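The values are calculated or read from the model by the stated rules, or taken from the named source; none is laboratory data. Predicted, not measured: the structure shown is a model, and the values here were computed from it. Cβ coordinates were reconstructed from backbone atoms using ideal geometry, including for glycine residues, and neighbour counts include every protein chain displayed. For accessibility, only protein heavy atoms count, side chains too; no ligands or nucleic acids. Shrake-Rupley method; radii C 1.70, N 1.55, O 1.52, S 1.80 Å.
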Amino acid sequence: MKIVAFPRNEQGSGASRRLRRAGQTPGIIYGGTAAPVNISLDHNALFHALKKEAFHSSILDMEVDGKAEKVLLRDFQMHAFKPLVLHADFQRVDANQKIHMKVPLHFVNADVAPAVKLAGGIISHVLNELDVSCLPKDLPEFIEVDLSSMQAGTSLHVSDLKLPVGVSATQAKENPTVATATVPGGSKGDAASGEQGK
C-alpha cells in the first residue's frame with residue numbers, strides 16, 4: 001500500500017492544531033539509521049486507510065518529499081469522541097532485519113467442522129490476531145485458521161496453525177489457545193448422551 005506524506009517543520013501543540021484545522025494529521029517516521037522525520041498526512045486519506053485491515057499489518061510504501069521508504073504503522077491516536085486521527089507513528093523497515101508484528105487471523109470452514117455440523121456446537125475465537133516474527137518480505141497480510149477438523153470439546157492452539165514460510169509465532173513456547181469448540185447445555189448432543197446413560 002502506498003501513502004504520501006509531507007515534511008513537517010513546525011512542532012508543538014499549536015502547530016499540530018493548525019495542521020488539523022487544515023485537514024492534515026501530524027505524524028513521525030522513526031527507526032533505522034536515519035534520524036526521525038516529522039511528517040504530515042492528508043487526514044481523510046489516513047482515516048480511510050486506517051479502516052482497512054491490511055494497513056495495520058502490511059509494509060507500506062511511504063513517499064516523503066519524492067523519496068520512498070518502507071514503513072510499518074506502529075501507533076495512532078484517535079480523538080476521544082470525534083472521527084479524528086490526532087497523530088500517527090511509522091517505523092522504518094530494514095529488508096534484512098526481522099520485524100515483530102500483530103497479524104490478523106481469518107477463521108474459515110467453521111460451518112463444516114464436526115463440532116458444529118454433527119454436535120450443534122459453537123466455535124469461539126480466543127485470539128483474533130497473532131504476534132509473529134519474520135523478514136519484511138515474508139510478512140503475511142493475515143493468517144488463515146482452518147477450523148474444518150475441530151471436534152466438540154476440543155481446542156486449537158498456536159502450534160496447530162500452518163504459518164507461511166519464514167514466519168514464526170512469538171508466543172510459540174506458551175502455545176496459547178486460538179479457538180475452542182463447545183456444545184451448549186441442553187443441545188441434541190447432550191440429550192442423546194443422557195438417554196444412552198439411562
task = For helix 188-197, report the angle its Cα long axis makes with the longest principal axis of the Cα atoms of the chain; keep it between 0 and 90° and round to the nearest 10°.
result = 30
inquiry  = Of all beta bridges DSSP finds with both residues in the chain, what is the antiparallel percent, to the nearest 5?
reply    = 75
query = What part of the accessible area of the chain, given as a whole %, is carbon or sulfur when the probe is 1.4 angstrom?
reply = 52
inquiry  = If the elastic network links every pair of Cα atoms under 10 Å, which of GLU69, GLU53, GLU174 fluctuates the most in the Gaussian network model of the chain?
reply    = GLU174
key: Gaussian network model of the chain, springs between alpha carbon atoms under 10 Å - residue of LYS173, LYS52, LYS82 with greatest fluctuation   = LYS82
inquiry  = About the Cα centre, and with charges only on the beta carbon of Lys, Arg (+1) and Asp, Glu (-1), how big is the dipole of region 94-137? Nearest 20 debye, please.
reply    = 80
request  = Using only alpha carbon pairs under 8 Å that are at least six residues apart, calculate the relative contact order of the chain and give it in whole percent.
outcome  = 17
key: Charge dipole (debye, nearest 20) of region 4-154; +1 at Cβ of Lys and Arg, -1 at Cβ of Asp and Glu   = 620
ask   = With the dipole of region 1-89 worked out from charges on the C-beta (+1 for Lys and Arg, -1 for Asp and Glu) around the Cα centre, which of HIS79, ALA34, MET62 lies farthest toward the positive end?
value = HIS79
note = Placing each pseudo-label 7 Å from Cα in the direction of the beta carbon, GLN151 and LYS70 end up separated by a distance in nanometres of 4.4
inquiry  = Which entries of LYS98/LYS162; LYS51/LYS173; LYS82/LYS137; LYS2/LYS67; LYS2/LYS137 have Cα-Cα distances beyond 24 Å here?
reply    = LYS51/LYS173; LYS82/LYS137
remark   = GNM on the chain, Cα springs under 10 Å; top mean-square fluctuation among ALA110, ALA80, ALA152 goes to ALA80
message = Probe of 1.4 angstrom, ligands and nucleic acids ignored: what's the accessible area per residue over region 22-163, in square angstrom?
response = 53
query = Counting Lys +1, Arg +1, Asp -1, Glu -1, what net charge surrounds PHE6 among other residues with beta carbon under 13 Å of its beta carbon?
reply = -2
message = Quick check: pseudo-label points 7 Å beyond the Cα along Cα→Cβ at HIS79 and ALA54, how many nm apart are they?
response = 2.9
task = Any chance you could list P(r) for region 31-134, counting all Cα-Cα pairs in 5 angstrom bins from zero, rounded to whole %?
result = 2, 9, 17, 18, 15, 13, 8, 7, 6, 4, 2, 1
